[in-house]
Amino acid sequence: MSSYDSIYRRSLTDPAGFWGEAAAEIDWFKPWDKVVDDSRAPFYRWFVGGELNTCYNALDRHVAGGRAEQAALIYDSPVTETIQVLTFKEMLDLVSRFAGVLRRLGVNKGDRVIIYMPMVPQAVVAMLACARLGAIHSVVFGGFASHELSTRINDATPKVVVSASCGIEGSKVLPYKPLLDAALDMASHKVSACVILQRPQIQAPLTSGRDHDWDEQMAGATPVDCVPVAATDPLYILYTSGTTGQPKGIVRDNGSHTVATQWTMQHFYTIQPGETMWAASDVGWQVGHSYIAYGPMLHGATATLYEGKPVGTPDAGAFWRVISRHRIPVLFTAPTAFRAIKREDPDGQLVKQYDLSHFRALFLAGERSDPDTLQWAEKHLNVPVIDHWWQTETGWAIAGVPLGIERFPVKYGSTSKAMPGWNVQVLGADGQPVGTNQEGALVMKLPMAPGAFTTLWNAEQRCRDAYYEENPGYYTTGDSGYIDDEGYIFVMGRVDDVINVAGHRLSTGAMEEVLASHQDVAECAVIGVTDEMKGQLPLGFIVLKSGVERPHEEISKEVVAMVRERIGPVAAFKTALVVNRLPKTRSGKILRGTMHKIADSVEYKVPATIDDPTILTEIGAALKTVGYATKA
Ligand code: COA
Ligand code: AMP
């Protein structure tokens, strides 16, 4: 039996033994009584009775263990022409002092702190400072606008918000403070304080009595020590898109997250303590949590925080410069970043300009990897390129090739095999397992692996309904796909209203809510259409109320602006088509799937339940006007 097979099998037959051993790599203030507790299934709990501190495991123990002078975090920011290397000792100093700042502002164990920051080291410092206090952070991605931020403020009810005067996106300097101020005004929950990092590019006006300057606070801060928390206590909430405008607050605990994330560093990504890992993502996303803020430092390795883009900062050689400059052996990013690079440097000329001799593997996730892009990366980088399947909910890879265990061959189009702890199965429409090579709902038999989310913040029933209700005993991923006879998993796409735009997870349902709120819109639909660079792009259809006679272009422009203002630029919502009717089933369900196929010029069957098939021709004609449905 191969190493992968035996390790995988043991993780399912003896989870307590398997993860109990992994947990021995972590420092505990008090050992656990039970590795996995099923008394509240489907809400499984790990390392019950144990006490630890995640920040202690990321920083203090490495300083004490001889890594004080080793780099903990490399900040590489082409947009500000800055490179800063922070050692474990320096990080510990910053984090314990910022924990002191938060405590002085009233933050204690269990309190929430929202972090709305660009890709600067202070964002990671704030996250770890919360962990140090046993407070629960919730990082909100900078590309979300005020309304989305206010929704999260109302749900998480933070005592404090930590933010910055601006973010820098390529050549644009984007003020954050006006967005934060508007969100705070909109929110019914009132925070007691904000800490604002003033960046040299923009000085934000501070509201007296509420806003505090980061530097001033830090200058007078008293460092605080780690607060022991229960393994089952929440470490963070990370909001992700669901099917409605109300985002889902994914809750991750301290114990199982620390054990699983640390375990993946060597076993999955091959990173040894002392080496550097680079996850080219954002701290506002799951990958940024797991492999910028936590994973590397938990493992005594170095994390990379890159404030730049794959292209344009300054060119498509940016990734190779960073890898070569910091001797990075492993990069993890979204395929869209490689599509952007490939488009600008199709022959990989820029790759050749850098010494990448130490580089050993590329990991891609967040959306489907098209074989062309994957093969381009293989050819020009000459290292294993691993497509691995992820969700914010799972916190780490469900499937892939665990290079630290065994390098089995990849199959293009597949995210390879299930990782230890994840019992992945495929269910048919009747809820029963289907045979190999047959498509159905991708599910995980419970319990999931440690590190998976424990619940939705303030919404246990919604969590049951969304993930556990449809297939009792399983977690429903929302993805469809199949498993072949060698155990390779093929993820075919979402079955719900979630789309992936440039690796960013977005809800078409949330966009529909915005469109529907326009005074002239009677009904609407938003679908994800295939885009060569971003993977998917949202596209809206609106039906106007009768009697509305304003020019259609004007109304389209207004709804596009509304999505940008309410959800944020990251939604990349640029097109809304005015149509007379939407195709529906006789029971009134909008046929979004069929519209999607028409847009992508994919063969489709006219659904038997359709109310009026002629509408499909109208939809095809409307799509043609904006360059889709070219073969319709
Ligand atoms: N703060 C404020 N605005 C942001 C933002 C942030 N943190 N991140 C993105 N935006 C804005 C961008 O400026 C852009 O605005 P625009 O409409 O005014 O141009 C919009 O949101 C869309 O951004 P993005 O999706 O990044 O598209 P892009 O065209 O600027 O860049 C890529 C395209 C492919 C280079 C870029 O999407 C990329 O690097 N993707 C990798 C994705 C990734 O890391 N995903 C994480 C999962 S691993
Ligand atoms: P997120 O929660 O942002 O990580 O998005 C999770 C979703 O992205 C999954 O449910 C999939 O639909 C998609 N996804 C993530 N990784 C992959 C992959 N490697 N291949 C195909 N789809 C993926």
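Okay, here's what the table says:
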{"item": "Near pairs, Cβ below 6 angstrom, 6+ apart or cross-chain, from the range 195-208 (closer than 14 Å to V162 by Cβ) to any residue that is part of a loop (DSSP other than H, G, I, E, B) and not hydroxyl-bearing (S, T, Y)", "result": "I196/A204"}
{"item": "Restricting the range 437-471 to residues that are over 30 Å from G110 (Cα atoms) and not aliphatic (A, V, I, L, M), the residue that is surrounded by the most Cβ atoms within 10 Å (Cβ to Cβ)", "result": "G440"}
{"item": "Selection from the range 93-106 of residues that are more than 20 Å from D233 (Cβ to Cβ), open to solvent by 30 Å² or more (accessible area, probe 1.4 Å) and either without any contact (Cβ under 8 Å) to a residue 12 or more places away in the chain or out of contact with any Lys or Arg (no Cβ under 8 Å at 6 or more places or on another chain) (or both)", "result": "D93, L94, R97, R104"}
{"item": "Test: residue in the range 431-442 that is in contact with a Lys or Arg (Cβ under 9 Å, 6 or more places away or on another chain) and among the hydrophobic types (A, V, I, L, M, F, W, C)", "result": "no"}
{"item": "Answer from S77, S39 - the residue that is hydroxyl-bearing (S, T, Y) and either within 16 Å of ligand 2 (Cβ to nearest atom) or open to solvent by 10 Å² or more (accessible area, probe 1.4 Å) (or both)", "result": "S39"}
{"item": "Filtered residue count, the range 353-384, keeping only those that are within 16 Å of ligand 1 (Cβ to nearest atom) and over 15 Å from M277 (Cα atoms)", "result": "11"}
{"item": "Verdict on V521 being within 16 Å of ligand 2 (Cβ to nearest atom) and either over 22 Å from V563 (Cα atoms) or open to solvent by less than 10 Å² (accessible area, probe 1.4 Å) (or both)", "result": "no"}
{"item": "Subset tally (residues that are of a type in the set (D, E), farther than 17 Å from T240 by Cβ and within 16 Å of ligand 2 (Cβ to nearest atom)) for the range 457-502", "result": "2"}
{"item": "Failed item in (1) of a type in the set (D, E, K, R); (2) more than 30 Å from L180 (Cα to Cα); (3) within 16 Å of ligand 2 (Cβ to nearest atom), with R550 passing the rest", "result": "(3)"}
{"item": "Search result, residues across the range 107-133 that are of a type outside the set (A, V, I, L, M, F, W, C), open to solvent by less than 10 Å² (accessible area, probe 1.4 Å) and in a loop (DSSP other than H, G, I, E, B)", "result": "P118"}
{"item": "Some residue of the range 557-564 being within 16 Å of ligand 2 (Cβ to nearest atom), out of contact with any Lys or Arg (no Cβ under 9 Å at 6 or more places or on another chain) and in contact (Cβ under 8 Å) with a residue 24 or more places away in the chain", "result": "no"}
{"item": "Residue in the range 223-234 that is β-branched (V, I, T) and either without any contact (Cβ under 8 Å) to a residue 40 or more places away in the chain or within 15 Å of ligand 1 (Cβ to nearest atom) (or both) present", "result": "no"}
{"item": "Positions within the range 311-321 being within 18 Å of D282 (Cβ to Cβ) and either assigned by TED's automatic domain parsing to the domain that holds G167 or surrounded by fewer than 23 Cβ atoms within 10 Å (Cβ to Cβ) (or both), in sequence order", "result": "V311, G312, T313, A318"}
{"item": "Residue count for the range 42-73, restricted to those that are farther than 27 Å from M448 by Cβ and assigned to a loop (DSSP other than H, G, I, E, B)", "result": "3"}
{"item": "Matching residues, the range 250-279, being buried (at least 23 other Cβ atoms within 10 Å of the Cβ) and of a type in the set (G, A, S)", "result": "G255, S256, A260, A279"}
{"item": "Residue within the range 213-225 that is touching a helix residue (DSSP H, G or I) at 6+ places or on another chain (Cβ under 6 Å) and more than 29 Å from R199 (Cα to Cα) present", "result": "no"}
{"item": "Condition check for P450: within 30 Å of A361 (Cα to Cα), modelled with pLDDT of 95 or more and of a type outside the set (S, T, N, Q)", "result": "yes"}
{"item": "Hey, G220 more than 23 Å from A164 (Cα to Cα) and surrounded by fewer than 22 Cβ atoms within 10 Å (Cβ to Cβ) or not", "result": "no"}
{"item": "Among the candidates R464, R494, residue that is among the basic types (K, R) and at pLDDT 95 or above", "result": "R464"}
{"item": "Matching residues, the range 520-533, being farther than 14 Å from L506 by Cα and part of a strand (DSSP E or B)", "result": "V521, A522, E523, C524, A525, T530, D531"}
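The values are calculated or read from the model by the stated rules, or taken from the named source; none is laboratory data. Given the structure is predicted, the values throughout are model-derived calculations rather than measurements. When we count neighbours, we look across all protein chains shown, and the Cβ atoms used for this are built from the backbone with ideal geometry, even at glycine. Heads up: the accessible areas ignore ligands, DNA and RNA and are worked out on the full protein's heavy atoms, side chains in. Shrake-Rupley method; radii C 1.70, N 1.55, O 1.52, S 1.80 Å.
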